[in-house]
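Here is the structure we will look at.
Every number in this text was worked out from the coordinates using simple rules, so none of it is lab data. Keep in mind that this is a model prediction, so the values were computed, not measured. Here Cβ is always computed from backbone atoms with ideal geometry, including for glycine, and neighbour counts include all displayed protein chains.
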Amino acid sequence: MNTQELINKAIEARNLSYSPYSSFKVGAALLTKNNEVYLGANIENSSYGLAMCAERNATYNAYCHGVKKEDIVAIAIVADTEKPCSPCGACRQVLSELLPKSAKIYLGNLNGDIMETNTSNLLPFAFGKEDLK
Ligand code: THU
C-alpha cells in the first residue's frame, strides 16, 4: 500500500467519526508490515473530556487485534484542516510509546497536503518506560 492509499483509508475512516459536539471529523489509518490496515476515528462524549482521538483509536484498534509495535510501518491522520492535521499532545505521548521510531507518520488534510513526520519530531525528549526504572 502506498502513501496515498493509506491517506485515502484515513479519509474513509472520517466517516466513522462520532463528533456531534465539535463537528470536526478526524480519520486515521495504521499500516502494518503484513499490509493490514487498522482504522480509527475520533469518538466524542457529552462529557467532553472523554473524547478519544482518531490516531489513538487506530493505534489501540491495531494493538487490540494483536499488532505489535515492531509490526507498525506507518499511520496516516486526516482532518478538514487548512494545514495537515497535527496530533494533540496526548496523542504524541501515546504514539511515541506505541509506534516504533521507524514508523512514518503522515499528516494530511482534504486539500491533498501531506506532511511526513515521526514520533521523535512530534515529541522530542519524550517521557517513556525507561524513565520509570
Ligand atoms: N482530534 C483528533 O481526533 N485528532 C487530532 O489529531 C486532533 C483532535 C479530535 C478530538 C475531538 O473529537 C475533535 O478532534 C476536536 O478537538
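Cβ under 14 Å from Ser102's Cβ, Ser102 left aside: what net charge do those residues give with Lys, Arg +1 and Asp, Glu -1?
Details: positive: Lys33, Lys68, Lys69, Lys101, Lys104; negative: Glu70, Asp71, Glu116.
Net local charge, Ser102 excluded: +2.
Please report Lys9, Lys33, Lys133, Lys69 as a ranked list, fewest other C-beta atoms within 10 angstrom at the top and most at the bottom. Show your work: numbers first, answer last.
Details: Lys9 21, Lys33 11, Lys133 4, Lys69 14.
Ascending number of Cβ neighbours within 10 Å: Lys133, Lys33, Lys69, Lys9.
Find the centroid of the Cα atoms in the stretch 3-53 and in the stretch 97-133, then give the distance between the two in whole Å.
Measuring centre to centre over Cα atoms gives 16 Å.
Each residue of the stretch 67-76 in order: what ³J(HN,Hα) in whole Hz does its phi give by Karplus 6.51 cos²θ - 1.76 cosθ + 1.60, θ = phi - 60°, with x for Gly and Pro?
After applying 6.51 cos²θ - 1.76 cosθ + 1.60, I find 5, 9, 3, 5, 7, 8, 9, 6, 9, 10 Hz.
Got a sec? How would Cys85, Cys64 order by Cβ neighbour count within 10 Å, fewest to most? Don't skip to the answer; put the middle values down first.
Working: Cys85 24, Cys64 9.
Going from sparsest to densest Cβ surroundings: Cys64, Cys85.
Considering only Cα-Cα distances, which of the following residue pairs are longer than 28 Å: Lys68/Lys129; Lys83/Lys133; Lys101/Lys133? Mind dumping the intermediate values first?
Working: Lys68/Lys129 16 Å; Lys83/Lys133 39 Å; Lys101/Lys133 21 Å.
Checking Cα-Cα distances, Lys83/Lys133 exceed 28 Å.
Order by neighbour count: Ser96, Ser23, fewest other Cβ atoms within 10 Å first, most last. All intermediate terms of the calculation are to be shown ahead of the outcome.
On the way: Ser96 18, Ser23 9.
Fewest-to-most ranking of Ser96, Ser23: Ser23, Ser96.
Go ahead and estimate [θ] at 222 nm for the chain from helices alone: -39,500 (n - 2.57) per DSSP H run with n ≥ 4, summed, over the residue count, rounded to 500. Intermediate values should be presented prior to the final figure.
Numbers: 4 runs with 36 residues, N = 133.
So the helix-based figure for the chain works out to -7500 deg cm²/dmol.
Taking only the alpha carbons of the chain, what extent do you get along each of the three principal axes, in Å, biggest first?
The principal-axis extents, from largest down, are 41, 36, 29 Å.
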